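Here is the structure we will look at.
The values are calculated or read from the model by the stated rules, or taken from the named source; none is laboratory data. Treat the numbers as computed from the prediction; the structure is a model and nothing was measured. Note that each Cβ is placed from the backbone with ideal geometry, even for glycine, and that neighbours are counted across all protein chains shown. Keep in mind that these areas ignore ligands, DNA and RNA; they rest on the heavy atoms of the full protein, side chains included. Shrake-Rupley method; radii C 1.70, N 1.55, O 1.52, S 1.80 Å.
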Amino acid sequence: MENNNEINLYYAEKLFNLGDVIKSLEVLTKFEESEEISPKEQCSIYILKSKIFNIIGEYSKELQSLDLAFQKCHELNDPCLLIDVLLLNAEKAITRGEKETFLEIIKKTEKLFEENQVELQLKLGDISRSKGHYFWTIEGNLTQSLKCYHESLKIYRNNNDKLKLAEIFIEIAKVMFHKGELDKAMDYFKESLKINEKIDNKLGIATIYNGFGILYSNTEDLHKSLMYLKKCLAIAKQINYKYMIATSMVNIGEMLNAQGDLKGTEEYYKKSLRIFQELHNIGKMGYVLLYLIMLYIEMDYNAKVKETFSHFEELYIQHRNKFKDINEYFQVAKALILKKSTRMHDKVKSEEIFKEFVIEGSSDFQLTIIALLNWCELLLDELSITNDQEVLKEIQPIIDKLLYLEEQQYNYNLIAKTYLLQAKLALIQFKLKEAQQFLSKAQQVAQEKGLQLLAMKISAEHDEILNHLDIWENLHKNQNQFTMAERLKYAKLNEQMDSMIRIRAPEQQELISEKPIFLSAITKGGMPLIKFPFLNKWAEQNIFSGFISAFNVFSRELFSKSVDRVKMGDYIILLKSIEPFTACYVIKGPSYLAQQKLTRFSSKVRTTPEIWNQLIEYSKTGEIVTPKRNPHLKAIISEIFDIEII
């Protein structure tokens, strides 16, 4: 009988690990009907059932199972099982944001470990893993989180625990993703994939494909993202893991939404909703209903908005006292519907709900960002109607909060877009230098984080503002003649808000090469050390002197690194700091490709001793480094700017 019990328990655990949680629960239920279950087996059943109830959203049953497991472990005086139960409770504390509770539980697990070190070596890895999750989720300390995860990794590796090794690689990959180190995240996902494929852990493989999908969506490769999300869905269906099936469908829906396939988005959202209803996962049902309402508002399907909200209201009334997330999703959905109304009374009520939601605070950062963005859009509408510049003072704290939350989430796409929003807000107040500084910051973030399409868009907007400076200067001189609505229109602020609220994949920009004019490297005092004209007339001393004069006018801004380009007549001067010098590239036309060349040139100059050492030496003597006298400089300019130097 004991052997049969061991087989049943092993089978239930295997089904769980493969993702077939409903089947696993059925096996456990039948197992419990046996009259000859040992106390230790009963404790293991409670532990496994608590994990299953967590996945299917039966949170009250999860807590009940954990309580029963805790009691049974104490009766048995089994430190190994007790640590398992305590760590599950620790995870619940993290989910609820209960810092003190978590620390108290972890203290108990560490004490148990100290008292039973020999037999609990592997459990130290689990404790470190839980602490890693705490530092990431509660403290936001990714460095400390990684330290704990690597301690777990070392223990799992020493004990050759392949399943836990595969799991900890995924946890490390997630942290790397949130740090914005996408290449490292991909490497850790791949390490996990190797192990999961070797042990045929389909649930692990599906989880990694989902990770690949999210990674590629953040590198603007939506085709690959969708491909991997669909692979995840296929495996989830194969192992009948309904929770992952539904989650994959939501993710696919969001990706289709980003691509503008709203009908496809609706189809996947509705399918996922039906599965979450089967699982009785109230929180996820609320999440999908909110996103369906957002979708129907965008599609202008008023009847479907009304119908979906009616279903949501029934769910809200039934479960509002049990689930905090249902309350939050419902309030945001209600505010979004009121915002869509043509009546001013409804818009005012919508703003009140968004404001109250933000002030009260939520552990769901993404939901708070949605509230902040929509609140900001309502204030811009008010600014457009009332022409009251005091409204701008209300917007700034919203921007500050947005940036804080986006940085906490390492959401570089939205960080760059928020800087772009700040640039446009500065523009309508005629703070042109401040607008340029925010544009430079926005492009820098997008560029550094591999968001090339977004970087190209920001660069094009920056060029457009520089090319229309005369218009903005005229608006400034005659500002009393222009309403805020007109300024918002010129700055395309409404379009910017729309791109942040309704996430869409950036459109492919046509890459047009610049017309090269002049390349230089200059000291902080304005002394040129490299002079290379692409056009013969720029070799003339009087034209170059004009450039130096313009440079000296802008020198404070240039060396503060606050701007990456300035306008000089018909030309744009691109700037790149290579301390203690500045590389300058004078061009006509679009800046984006030209900036890439200047960045490569600056990097090559700094890392080529034959050029760099000569620059340092000549900065003391005032001599010029020329391609004719320095073959390394000649080779670099020829390669990067695709020009033959005779």
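Tabulated results
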{"item": "Accessible surface of the stretch 284-370 [probe 1.4 Å, protein heavy atoms]: carbon and sulfur percent", "result": "51"}
{"item": "The chain, dipole about Cα centre (Lys/Arg Cβ +1, Asp/Glu Cβ -1), debye to the nearest 20", "result": "1780"}
{"item": "Theoretical ellipticity at 222 nm over the chain - DSSP helices of four or more residues, -39500 (n - 2.57) apiece, nearest 500", "result": "-24500 deg cm²/dmol"}
{"item": "Of all accessible heavy-atom area on the stretch 592-646, the percent that carbon and sulfur account for (1.4 Å)", "result": "51"}
{"item": "Share of carbon and sulfur in the accessible heavy-atom surface of the stretch 148-198 [1.4 Å probe, %]", "result": "48"}
{"item": "Percentage, to the nearest whole number, of Cα pairs in the chain over 45 Å apart", "result": "34"}
{"item": "Accessible area in square angstrom per residue, the chain, 1.4 angstrom probe", "result": "48"}
{"item": "In nm, spacing of pseudo-spin labels at Glu267 and Ala635 (7 Å Cα→C-beta vector)", "result": "5.6"}
{"item": "Nearest-10 value in Å² for the accessible area of Cys80, using the 1.4 Å probe", "result": "50"}
{"item": "Förster radius 45 Å - calculated FRET efficiency between Ala303 and Glu390 (Cβ-Cβ, nearest 0.05)", "result": "0.70"}
{"item": "Accessible-area value, Thr483, 1.4 Å probe, nucleic acids and ligands omitted, Å²", "result": "60"}
{"item": "Linear extension gain, Asn467 paired with Arg320, 0.36 nm per residue minus alpha-carbon span", "result": "47.5 nm"}
{"item": "Accessible surface ranking that places the most exposed of Glu448, Glu473 first, with a 1.4 angstrom probe", "result": "Glu448, Glu473"}
{"item": "Protection-proxy order for peptides 582-593, 563-574, 395-406, each taking the mean of Cβ atoms within 10 Å per residue, highest first", "result": "582-593, 563-574, 395-406"}
{"item": "Pairwise label distance in nanometres, Lys61 with Phe365, each label 7 Å out on the Cα-Cβ vector", "result": "3.3"}
{"item": "Probe 1.4 Å, all protein chains present, accessible-area order of His150, His345, largest first", "result": "His345, His150"}
{"item": "Added length on full extension, which subtracts the Cα-Cα distance from 0.36 nm per residue, His223 to Asn240", "result": "3.6 nm"}
{"item": "Packing rank of 262-272, 379-389, 235-245, where each peptide gets the mean count of other beta carbons within 10 Å, highest leading", "result": "235-245, 262-272, 379-389"}
{"item": "Distance between modelled label sites at Asn536 and Lys30, nm, 7 Å Cα→Cβ extension", "result": "9.2"}
